[in-house]
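Enquirer: Dumping the structure here so I can ask a few things about it.
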Amino acid sequence: MAITDKIYLKNHRQISSQLETNIPKSAFSGATLDILFQGEGLAKLDDATRERVLDFAEDFLDCDCESNPHCGHPEEKFVRYLLELREQGLGPDAIVDVMGDDYVLYAYPGDVLSFLDDAVRTLEAVEELADVEGHESVATEARERRRRLS
Ligand SMILES: [Zn+2]
């Protein structure tokens with residue numbers, strides 16, 4: 001399961017009751033994206049929640065794809081957001097705190113930790129393969145990105 005399947009709405013019950021409909025807890029589930037981010041849904045939210053939901057939409061759902069928000073780009077952007085927080089030196093607990101403040105989202109720190117471990121392992125594999133095949137610049141880039149994440 002991708003990390004974006006394990007990102008949840010922090011005050012899910014409150015949001016559901018404001019929307020007067022039961023939406024899935026998972027932030028990136030298709031139904032959540034549809035209900036929460038359509039105009040009518042947004043209008044029913046309290047100000048503080050609406051502001052963060054709008055921030056989320058602006059930061060992650062802003063592509064022009066025809067199938068937006070179901071085109072995969074929101075998930076990709078969110079993965080990049082997590083990696084950037086890690087590169088700023090944040091650990092899993094702090095990353096969970098920040099996504100809560102930024103977008104009223106939460107995840108389990110253990111899930112964030114294994115996501116970051118996987119990212120580092122993927123870069124290691126890229127680095128090794130690039131070394132073997134003599135792609136020096138690719139190997140160097142993977143090494144540097146890995147260093148930034150650890
Ligand atoms: Zn897209």
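Enquirer: Answer yes or no: is there a residue in segment 105-126 that is in the same structural domain as ILE35 (by TED's automatic domain parsing), surrounded by 15 or more Cβ atoms within 10 Å (Cβ to Cβ), closer than 25 Å to GLN14 by Cβ and of a type in the set (Val, Ile, Thr).
Expert: Within segment 105-126, none of the residues are in the same structural domain as ILE35 (by TED's automatic domain parsing), surrounded by 15 or more Cβ atoms within 10 Å (Cβ to Cβ), closer than 25 Å to GLN14 by Cβ and of a type in the set (Val, Ile, Thr).
Enquirer: Right, here's the next one. What is the residue count in segment 36-45 for residues that are modelled with pLDDT of 85 or more, surrounded by 11 or more Cβ atoms within 10 Å (Cβ to Cβ) and not charged (D, E, K, R)?
Expert: Qualifying residue count, segment 36-45: 2.
Enquirer: Moving to a separate point now. Just the residues that are surrounded by 16 or more Cβ atoms within 10 Å (Cβ to Cβ) and over 16 Å from TYR106 (Cβ atoms), please, taken from segment 19-35.
Expert: LEU19, LEU33, ILE35
The values are calculated or read from the model by the stated rules, or taken from the named source; none is laboratory data. Note that the structure is a prediction, hence the values are computed from the model and not measured. Every residue, glycine as well, gets a Cβ built from its backbone with ideal geometry; the counts of neighbours run over all protein chains shown.
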